[in-house]
1. Go through the range 1-55 and count every residue that is of a type in the set (D, E, K, R), under 20 Å from CYS108 (Cβ atoms) and modelled with pLDDT under 95.
2. For a quick check of your reading: which helices (runs of 4 or more DSSP H) sit entirely within the range 11-118 and have at least 3 residues that are touching a Phe, Trp or Tyr at 6+ places or on another chain (Cβ under 9 Å)?
3. If you check every pair at least six apart or on different chains, which have Cβ atoms under 9 Å apart with a residue in the range 36-51 that is more than 16 Å from ALA72 (Cα to Cα) first and a residue that is basic (Lys, Arg) and modelled with pLDDT of 95 or more second?
4. Can you name the condition, by its number, that GLN94 falls short on among (1) under 29 Å from ASN3 (Cβ atoms); (2) within 12 Å of the chain's Cα centre (by Cα); (3) more than 16 Å from the ligand (Cβ to nearest atom)?
5. Name the residue, out of ALA72, ALA54, ALA89, that is more than 16 Å from the ligand (Cβ to nearest atom), surrounded by 23 or more Cβ atoms within 10 Å (Cβ to Cβ) and either more than 13 Å from CYS21 (Cβ to Cβ) or aliphatic (A, V, I, L, M) (or both).
6. Would you mind telling me which numbered condition in (1) surrounded by fewer than 15 Cβ atoms within 10 Å (Cβ to Cβ); (2) more than 14 Å from the chain's Cα centre (by Cα); (3) within 16 Å of the ligand (Cβ to nearest atom) PRO79 fails?
Amino acid sequence: MCNYQQTLHDHYLDPHHRGPCDDATHAAMVRCNENNCQLEFELSLDGDGIILQAWFEGDGCQTCEGLASMLANTCEGQPQTAWTQLSFAHWCQQLGWSAEELLGLTPCCGLPLLALQAALRSPLDTLDDDLADGTSFGGPSLREEC
Ligand SMILES: [Zn+2]
């Protein structure tokens, strides 16, 4: 029995920051089609690009939810630039685990990192961006001719 499986199990049962993030500035959801795991990360970044808070929600297996919990735990307080380019293999190195062994467990073990990186690329629109209602876009309507 590998100790990382026990660690993942512990995180799965008692996750760090599972739930919605208050004051989220970035968010994204990523899905693994091979086994239908799905994870969403919600992040709160400050003006300097520091990850103040990382929360996740998901519908995943023990492995990817456990990893998401560990990821949420470790990325907080760090600059987003430390994570945007990080490879899965490098992240496993930081954890002290073998990427090959994790990938042998399940294809979705890269999902948490992908979801975090997708969230970092996905700032949430706030306040004054409402093109959706279209009333002021492109000026007054000219479509009145018969
Ligand atoms: Zn999974």
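1. The number of residues fulfilling the criteria is 1.
2. Once the helices (runs of 4 or more DSSP H) in the range 11-118 are filtered for at least 3 residues that are touching a Phe, Trp or Tyr at 6+ places or on another chain (Cβ under 9 Å), what remains is 62-75, 99-105.
3. Close Cβ pairs satisfying both conditions: CYS37/ARG31.
4. For GLN94, the exception is condition (2).
5. Exactly one of ALA72, ALA54, ALA89 is more than 16 Å from the ligand (Cβ to nearest atom), surrounded by 23 or more Cβ atoms within 10 Å (Cβ to Cβ) and either more than 13 Å from CYS21 (Cβ to Cβ) or aliphatic (A, V, I, L, M) (or both), namely ALA54.
6. (3)
Condition check ((1) hydroxyl-bearing (Ser, Thr, Tyr); (2) modelled with pLDDT under 50; (3) within 16 Å of the ligand (Cβ to nearest atom)) across all residues:
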| position | (1), (2), (3) |
| --- | --- |
| CYS108 | no, no, yes |
| LEU111 | no, no, yes |
| ALA115 | no, no, yes |
| ALA119 | no, no, no |
| SER122 | yes, no, no |
| ALA132 | no, yes, no |
| THR135 | yes, yes, no |
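The values are calculated or read from the model by the stated rules, or taken from the named source; none is laboratory data. Bear in mind the structure is a predicted one, so any value in this text is a computation, not a measurement. Here Cβ is always computed from backbone atoms with ideal geometry, including for glycine, and neighbour counts include all displayed protein chains.
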